[in-house]
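What follows draws every value from the coordinates through simple rules; no lab data is involved. Quantities reported herein were computed from a predicted structural model and do not represent experimental measurements. For neighbour counting, all protein chains shown are included, and Cβ atoms are generated from backbone atoms with ideal geometry for every residue, glycine included.
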Amino acid sequence: SPDRAPPRSGAPALSRPARVAAGTPGRGPGNSQLLVELPVPRRESGAPYTVNDQLMVATALTVADWNRRQGAPERPLRITMPVDDRDRGPGMPIGNGTRLVEVGFGPAEVAPDADIPVLLRLTAERTRALKALHRPQLGRSVSLLTTPLLPVAARAAYTRGLRVLAGPWTSTTLLSNIGRIPYALDFGDAGRSGALWISAPARLPRGLTFTTASTGGRLHLALRWSRALLGDEDGRELLGLFTRHLAATSPETV
């Protein structure tokens, strides 16, 4: 399971997080997604927060805004965020170096009259504290799945049972920010890429994920949702909310 947010978080560690409120479910099983190119949010020189913190704030405000519009009761939000601790030098190990942490927000922090500069600073404090924690990749419980001491069948049963038990406590949504891609991805005879979208899965009970990457000064957002939870029109409304809240984190607006 992902590491919980530090005590400074606005979401109590033992409280059940909010779910993304259902809209008008789409037809058929599986997921739908929207791919869009946005400006990378601006920051003042020396700002105490990162672009990732701006994306986190925009995600929290988007989900809180959406839930209010659907009449859902107010509950703390918890947003899963992957962290890659690997050294970026020549000795960078190959493989999945990701671990998952959860950033919490209290209902008052993401209210309609939220103080964006304060929320950005609080979020930066929380993400820095979480990144400083040393934890196994993908969480302690998931590390049991890779131990060779357990037979495959036992690990499969453990996974199914854990998924059922953890369902009510699963984070509200997932923000996966791949970060800046500093060079064009070269695909040989197929040429170089001009844009990059990477989409995280949208399994229920989360049902909604935000995945971002930036290249060439542009932010590429993949918004993905479960058709059992949301319809295409819901997805477009969520995209509009995210675009507006992300713009609100830029210096000219905060």
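Per-peptide packing, taken as the mean over residues of other Cβ atoms within 10 Å, places 18-24, 54-60 in the sequence 54-60, 18-24 from highest down. Name the residues of region 218-254 whose amide N is less than 11 Å from a point 7 angstrom out from the Cα of Glu44 along the C-beta direction? Residues 251-254 fall inside that zone. Once Rg and the Kirkwood radius are both taken over the C-alpha atoms of region 184-251, their ratio Rg/Rh works out to 1.06. In plain terms, the chain from Ala195 to Ala22 could stretch by 59.2 nm, reckoned as 0.36 nm per residue minus the Cα-Cα distance.
Most tightly packed first, judged by the mean number of other beta-carbon atoms within 10 Å of their residues, the peptides 65-73, 237-245, 218-226, 190-198 read 218-226, 237-245, 65-73, 190-198. Rounded to 0.05, the FRET efficiency of the Gln70 and Arg244 pair, given R0 = 22 Å and the Cβ-Cβ distance, is 0.80. The local environment of Glu252, defined by Cβ-Cβ distances under 12 Å, has a net charge of +1 under the rule Lys, Arg +1 and Asp, Glu -1.
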